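First up is the structure itself, then whatever we jot down about it.
The values are calculated or read from the model by the stated rules, or taken from the named source; none is laboratory data. Since the model is a prediction, treat every value here as computed from it, not as a measurement. Here the Cβ positions follow ideal geometry from the backbone for every residue, glycine too, while neighbour counts run over all protein chains shown. Heavy atoms of the whole protein, side chains included, go into the accessibility calculation; ligands, DNA and RNA do not. Shrake-Rupley method; radii C 1.70, N 1.55, O 1.52, S 1.80 Å.
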Amino acid sequence: MNLKNPRGFTEKQNWLKIHDIHPEYAQLVDKLKVREIVKEKIGEKYLIELLGSWDRFEDINFDLLPQKFVLKCNHDSGSVKLITDKNKIDKAELSKFFSGRLSLNPYCLGREYPYKTVKPKILAERFMENDSGEPIRDYKFLCFNGEPKYVFVCSERGSESGTKFDFFDMDFNHLDIRSADGENSKKLIEKPISFEEMKQCIRVLAKEIRFVRMDFYEINGKCYFGEYTFFDSGGYDVYRPIEVEYKLGDMIDISDIND
């Protein structure tokens, strides 16, 4: 990466890690603390129900949790465990998994500074399902100066062929953009019912932020907040064709920052 004269999307994001520090972003990436911010700015109805939070796995009283729920950490990415029957869980295996995640500081992996001071916890959320049985899709909006410009949809999670990534503009036209992490889906991805509502929420939550990825879910036609991500894929995913990498890079304006 050319961090002396950054041009591409990846280069610009990593340059921001060094030159554009915002300590207040720690609250926004904390999946527990951010709930109060979302509640204040757009309303509690956009939050998935919180069932509890704990400092250690051993502190969880599973008797107080419903049969289905989701366990995750508040400070990282990828620690999600979907519990569909709590009577069948392997507590020893889960304890080992979450103990490892609690000891991990994501800042040490990719220098994503917002995570550096987040106190690790485990949280449980309500298990959300579509009445139709369709898998829940998440919509990841790339936002520049508070305005959503592109969204990519993650689908077919857990399939043998892997998660698919499809990119759309703000009119939900499919775009010829590919992620290094996955292929486009061969299935038709329809515009979510709450697409316009998602964009309205994002304009409030991302206001005055130079760049952020805002994640939302749609469940039974209603949209729910997912998370703030200040460095898409840690700032290391290069999109194809390469022209897109530079187009996205041009949308991050760093002219006002003294390095």
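A compact table of results
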item	result
Low-density loop cleavage sites - GluC sites (Glu not before Pro) in the range 207-259, where at most 13 other Cβ are within 10 Å (DSSP)	Glu208
The range 204-252: chymotrypsin sites (Phe, Trp or Tyr not before Pro) falling in loop per DSSP and having at most 15 other Cβ within 10 Å	Tyr236
Label zone at Ile37 (point 7 Å along Cα-to-Cβ), backbone N below 11 Å, the range 178-214	205-207, 209
Residue list for the range 211-249, given a label point 7 angstrom along the Cα-to-Cβ vector of Gln27 and an amide N cut-off under 16 Å	228
Sparse-neighbourhood loop sites, trypsin sites (Lys or Arg not before Pro) in the range 184-246 - DSSP loop, at most 12 other Cβ within 10 angstrom	Lys186, Lys187, Lys207
Largest to smallest accessible area among Lys149, Lys4, Lys116 [probe 1.4 Å]	Lys4, Lys116, Lys149
Entry for Kirkwood radius over Cα pairs in Å (calculated from the structure that is shown) out of [x] 19.4; [y] 18.6; [z] 18.1	[x]
Solvent-accessible area per residue, Å², over the range 26-152 with all protein chains present [probe radius 1.4 Å]	54 Å²
With all protein chains modelled, accessible area of Lys45 [1.4 Å, Å²]	140 Å²
Listed residue pairs exceeding 30 Å between alpha carbons, taken from Lys31/Lys86; Lys33/Lys149; Lys119/Lys191	Lys119/Lys191
Proximal charge balance of Lys140 [Cβ under 9 Å; K/R count +1, D/E count -1]	-2
Spin-label pair Lys116/Glu129, simplified geometry with 7 Å Cα→Cβ offset, distance in nm	4.4 nm
